[in-house]
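Here you go, one structure.
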Amino acid sequence: MPVREVLLLVLPDGNLYDYRCLVCGDSLGMKKDKKNIRIDTIKERRRQDDFRRHNPY
């Protein structure tokens, strides 16, 4: 049965995935990936840039 992995949530302790059937689209199960992959958001990048701009050293 062909399935598609769909990223649902990016959490601090891992990512939450849903597995869906490619034929009917029903959810077949979920998995929480324990790998802690950091994904920077635009807001976090702006905060870091503001800090660097105001603190030259």
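The values are calculated or read from the model by the stated rules, or taken from the named source; none is laboratory data. Note that this is a predicted model, so its numbers are computed, not measured. Cβ sites come from the backbone with ideal geometry, for glycine too, and all protein chains shown count toward neighbours.
Under 8 Å between Cβ atoms, at least 6 apart or on separate chains: pull out the pairs that start in the range 2-31 with a residue that is small (Gly, Ala, Ser) and end on any residue that is modelled with pLDDT under 90 and exposed (fewer than 12 other Cβ atoms within 10 Å of the Cβ).
Pairs found: GLY14/LYS34; GLY14/LYS35; GLY14/ASN36.
In the range 1-17, which residue that is of a type in the set (A, V, I, L, M, F, W, C) and surrounded by 10 or more Cβ atoms within 10 Å (Cβ to Cβ) is nearest to MET30 (Cα to Cα)?
Residues of the range 1-17 of a type in the set (A, V, I, L, M, F, W, C): 1, 3, 6-11, 16.
Of the ones still in play, those that are also surrounded by 10 or more Cβ atoms within 10 Å (Cβ to Cβ) are 3, 6-11, 16.
Values: VAL3: 12, VAL6: 9, LEU7: 10, LEU8: 9, LEU9: 11, VAL10: 14, LEU11: 14, LEU16: 7 Å.
Restricting to residues being of a type in the set (A, V, I, L, M, F, W, C) and surrounded by 10 or more Cβ atoms within 10 Å (Cβ to Cβ), the top hit is LEU16.
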